[in-house]
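Okay, structure first, notes after.
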């Protein structure tokens, strides 16, 4: 009863809070329970970046890098929705030919004839290319042909720098998968895209072409496009000089085997 009497006395004196045996500093933050041992030592990894946050060029790079064959690359290009040209073009224009030839000819963006047929170097430009190749005893079957970008810009306008940048990873991957020994750049735009700044030369020459995914540069030859050959007499002379260099180089390669 002594404890009860003391409690009544404290209430009469106005005590309204129970005290602990040891003082407590109320200004300190309460201690949180420690996490389990496994949780303290489990490393945390950053969550993957959602594809919606990637730029179109980054998405193209990822799609191209995931392609292990030319067939897979073609399917990746066909389903890629990061370039508006796909929605305006009538068809996809992918590479054509046998990569085992070791020669890859890259031309300008597809024109109306290429868009209609779905094949590179079609129409009058393709017919002229065949005659040019025949002059040095080559045919379309002796090369692999590819456009700079896989879709024709609306109205045949030149592609913008942004459109080329989005499509470029697919072209780079095409070069890596086809593994050409030599590349022919038919046109000023393919040459600038793959070589950067191009120095004008009075005579054709082989230039090193560096592509991401290839350990060493490949010999590249610049020649005028079929369209410029049809329009400019000076381009015909340049094209003929480049074709003769190509023929001499192929003959030398055959002799060295």
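Read the figures in this text as sums done on the coordinates, not as results from a lab. Not measured: the values here are computed from a predicted model. Here Cβ is always computed from backbone atoms with ideal geometry, including for glycine, and neighbour counts include all displayed protein chains.
Going by average Cβ neighbours within 10 Å, how do the peptides 182-189, 250-257 rank, with the highest at the top?
Working: 182-189: 21.8, 250-257: 9.2.
In descending order of packing, they fall as 182-189, 250-257.
If you count, for each residue, the other Cβ atoms within 10 Å and average over each peptide, how do 99-107, 221-229, 158-166 line up from highest to lowest?
Values: 99-107: 20.0, 221-229: 22.2, 158-166: 15.7.
The packing order, highest mean first, is 221-229, 99-107, 158-166.
Hey, fewest Cβ within 10 Å first, where do 116, 152 land in order?
Numbers: 116 15, 152 25.
Sorted ascending by nearby Cβ count, the order is 116, 152.
Starting from 0.36 nm per residue, how many nanometres of slack lie between residue 84 and residue 206 once their C-alpha separation is accounted for? Walk me through the numbers on the way to the answer.
On the way: separation 122, 0.36 × 122 = 43.92 nm, distance 3.48 nm.
Answer, rounded to one decimal: 40.4 nm.
Quick one: P(r) of the range 56-252 from all Cα-Cα pairs, 5 Å bins, percents rounded to integers, in order of increasing distance.
For the range 56-252, the binned pair fractions read 1, 8, 16, 22, 22, 17, 9, 4, 1, 0 percent.
Multiply the residue separation of residue 57 and residue 165 by 0.36 nm, subtract the distance between their alpha-carbon atoms, and state the gained length in nm to one decimal.
Roughly 38.2 nm would be gained on extension.
Rounded, prolate or oblate, given the Cα gyration tensor of the range 142-219, with a/c below 1.5 counting as rounded?
oblate
With label points built 7 Å along Cα→Cβ from the Cα atoms of residue 214 and residue 247, find their separation and express it in nm.
It works out to 2.5 nm between the two label points.
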